[in-house]
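Undergrad: Sending over a structure as structure tokens; questions will come in a sec.
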Amino acid sequence: MIRAYCVDTITIRRITRGAWSEPSASSIAVKGYVDWKTKLVRNIKGEQVVAMATVYLIYDGLLTHEDRLVIDGIDHGIINIVVGKDFSKNHYEAYIQ
């Protein structure tokens, strides 16, 4: 059902560390929907922060808090990740700053 609303192109920028802690970045383009509404959510530390938007995306891999979401050329950090409440395993709701 959510696939019908995924009209925005979102780039997931994944930064990995090598054996010598050298960062290397890889980018993956996925389809999603960005809902530009502020919302009060909790981050990893349990603090309440204001999220600028909720991003609904379909991604077959594992989305982590270290990943960055690039929307319209602007790099956003992920505050909180919620697995979608439908029957697909690859639906994520990410709150961004």
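Undergrad: Looking only at the stretch 10-42, count every residue that is touching a residue at least 24 places away in the same chain (Cβ under 8 Å) and more than 24 Å from ASP72 (Cα to Cα) and tell me the total. Reasoning before the result, please.
TA: Quick first cut of the stretch 10-42, residues touching a residue at least 24 places away in the same chain (Cβ under 8 Å) only: 10-15, 27-28, 30-34, 39, 41-42.
In the following step, the residues that additionally are more than 24 Å from ASP72 (Cα to Cα) were identified as 42.
The total comes to 1.
Undergrad: When both residues are 6+ apart or on different chains and their Cβ atoms are under 7 Å apart, which pairs have a first residue that lies in the stretch 52-66 and is of a type in the set (Val, Ile, Thr), and a second that is assigned to a loop (DSSP other than H, G, I, E, B) and at pLDDT below 85?
TA: Qualifying pairs under 7 Å: ILE58/CYS6; ILE58/ASN90.
Undergrad: Still on this model: Give the residue that is modelled with the lowest pLDDT, with candidates limited to residues of the stretch 65-87 that are closer than 21 Å to ILE44 by Cβ and acidic (Asp, Glu).
TA: GLU66
Undergrad: Tell me which of these ARG68 doesn't satisfy, since it passes every other one: (1) within 23 Å of ARG3 (Cβ to Cβ); (2) surrounded by 14 or more Cβ atoms within 10 Å (Cβ to Cβ).
TA: (1)
Undergrad: Would it be correct to say that GLY32 is touching a strand residue (DSSP E or B) at 6+ places or on another chain (Cβ under 8 Å), surrounded by 10 or more Cβ atoms within 10 Å (Cβ to Cβ) and in a loop (DSSP other than H, G, I, E, B)?
TA: Criteria not met by GLY32.
Undergrad: For the structure I just gave you, tell me whether ASP75 is in contact (Cβ under 8 Å) with a residue 60 or more places away in the chain and either of a type in the set (D, E, K, R) or more than 21 Å from ARG3 (Cβ to Cβ) (or both).
TA: Judged against the criteria, ASP75 is a match.
Undergrad: Follow-up question, since we're still on this one. Taking ASP75 and the conditions (1) part of a strand (DSSP E or B); (2) surrounded by 13 or more Cβ atoms within 10 Å (Cβ to Cβ), which numbered condition does it fall short on, given that it satisfies the others?
TA: Status for ASP75: all satisfied but (2).
Undergrad: Take the residues in the stretch 27-64 that are among the polar types (S, T, N, Q) and modelled with pLDDT of 90 or more, then tell me which one is nearest to the chain's Cα centre (by Cα).
TA: THR54
The values are calculated or read from the model by the stated rules, or taken from the named source; none is laboratory data. Remember, predicted model here, so these are calculated numbers, not experimental data. Counting neighbours? That spans all protein chains shown, and the Cβs are built from the backbone with ideal geometry, glycine included.
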